[in-house]
1. Determine how large the accessible area of T345 is when every protein chain is in place; take a 1.4 Å probe and give Å² rounded to the nearest 10.
2. In sequence order, what are the phi-derived ³J(HN,Hα) couplings for region 22-28 according to the Karplus relation 6.51 cos²θ - 1.76 cosθ + 1.60 with θ = phi - 60°, rounded to whole Hz, with x for glycine and proline?
3. Could you give the nm distance between label points at Y76 and N183, where each point is 7 Å from its Cα heading toward the beta carbon?
4. Around K336, under 15 Å between beta carbons, what's the net of Lys plus Arg minus Asp minus Glu among the other residues?
5. Heavy atoms only, probe 1.4 Å: what % of the accessible area of region 282-353 goes to carbon and sulfur, would you let me know?
6. Pull out a ≥ b ≥ c, the square roots of the eigenvalues of the alpha-carbon gyration tensor of region 348-400, then state rounded if a/c is under 1.5, prolate if not and a/b is larger than b/c, and oblate in the remaining case.
7. How much length would be gained if the chain were fully extended between Q248 and E168, taking 0.36 nm per residue of separation minus their Cα-Cα distance, in nm to one decimal?
8. Compare D88, D37, D374 by solvent-accessible area with a 1.4 Å probe and give them largest first, with all protein chains kept in place.
Amino acid sequence: MSTLLRLATAGSVDDGKSTLVGRLLHDTKSILADQLDAVERVSRERGLETADLALLTDGLRAEREQGITIDVAYRYFATPKRSFVLADCPGHVQYTRNTVTGSSTADVIVLLVDARHGVVEQTRRHLAVASLLRVPHVIIAVNKIDLVGFAEDAFRSVETQVRKVIDELGIPGVTVIPVSALNGDNIAENSAETPWYSGPNLLELLETLPAGEDPEGQPFRLPVQYVLRPQAAAVDPKFVEYRGYAGQIASGVVSVGDQISVLPSGRTATITGIDTADGELTEAFAGQSVSVRLSDDIDLSRGDLIAGAEGAPIPTREVEALVCWLHDRPLRPGDKVLLKHTTRTVRAIVRELDSRLDLDTLTGVPAQQLDLNDIGRVQLRLADEISAETYAESRQTGSFLLIDAQTGHTLAAGMIRNTVPEDLSATDWVI
């Protein structure tokens, strides 16, 4: 099991996300004494009897003044069993784009639901985001259980509502926990106030969940970020005759002697060497930044993909995808954008806008455009090929960004549902 877990928190406004994060930092002794003193001082100035732990994460002045989370706040903490990188995401609907950002790399998302209010629109929205981003693990923390007298009936009612949405979205393996972030019930220790709950507390669960995917079971993918050429000998003589292809391994494992395919050209070669900043390796895996040497002198550049020879993706200029629209400017059919896929950026046009996700029914409805925070299904035509896979196959090579060509602003985060080879006509498109 990996010692590092990436987690994100989400939920509606005032569900207690920042307080929960502050409680985790406090109970794992990850707060410096002067930080805690400052929080206690500000809390007293506000007339509070106990420290407002939300102040530990609501770091922006605007957040403190408004009492809400605006930006994604990243925090780091550890227990004897595991290290954590935590993204505390905003609850307001206008900051859903930040929730997408915080959840995109998460191994687990902790979604808070107020025990008094149950499932609300933002609950459904955040669960939809977790489903679309294929976050491996989802934990529902039914917070403020103390405000309903620790009643089991209240918890079970909310749990039923949550599981109905989960079933509709098809999210597997969800755990629901009753908690009080303010008092610490079922956060780091099981609470005596909830004898009817026999499951793990939140921290116990976070310490035992598997992180990421096993790279041994994934196909090898290395997007080329930079080509190290023999000209580097002018800087260091040891680079004479050296030619390597550098990048971060997106998935899988590679070893010296492996057969690979270079995309989109389709040329094949053998890995003859693997180099890192710390020296030469015989094997490397997902997450490592490496430079690989090949048996043949192949014309490669930034944006190309080095893949295992077996099961390499087919380059395509047609993509059907789900997008989370992140910009104030609406998306309409015919819009021209830049599509950034791994290290490759190509021009694209929105051929069709198939539908928009209705968060009440969790089904697609016809739409003329996508507005800020909308989730929709689109068909894109690309000016050049990309070596893409579906998001169900790979979160790394199945995702992309849409970018405004004039301003450079990020417009959308996309998840590929289907790729259509270039030689198929528009009439062959099958949804």
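1. 80
2. Taking θ as phi minus 60°, the curve returns x, 5, 4, 5, 5, 6, 9 Hz for region 22-28.
3. It is 3.5 nm.
4. Working: positive: R317, R329, R332, K340, R347, R351, R381; negative: D335, E352, D384, D404.
Summing Lys and Arg as +1 and Asp and Glu as -1 gives +3.
5. Working: 1500 of 3230 Å².
Result for region 282-353: 46 percent of the exposed heavy-atom area is carbon or sulfur.
6. Values: a/c = 2.71, a/b = 1.48, b/c = 1.82.
Taking the square roots of the gyration eigenvalues as a ≥ b ≥ c, region 348-400 is oblate.
7. Details: separation 80, 0.36 × 80 = 28.80 nm, distance 3.59 nm.
Length gained between Q248 and E168: 25.2 nm.
8. Working: D88 0, D37 85, D374 30 Å².
The ordering from most to least exposed comes out as D37, D374, D88.
The values are calculated or read from the model by the stated rules, or taken from the named source; none is laboratory data. Fair warning: this is a prediction, and the values are worked out from it, not measured in the lab. Neighbour counts run over all protein chains shown; Cβ positions are idealised from the backbone, glycine included. Note: areas computed on protein heavy atoms with side chains; ligands, DNA, RNA excluded. Shrake-Rupley method; radii C 1.70, N 1.55, O 1.52, S 1.80 Å.
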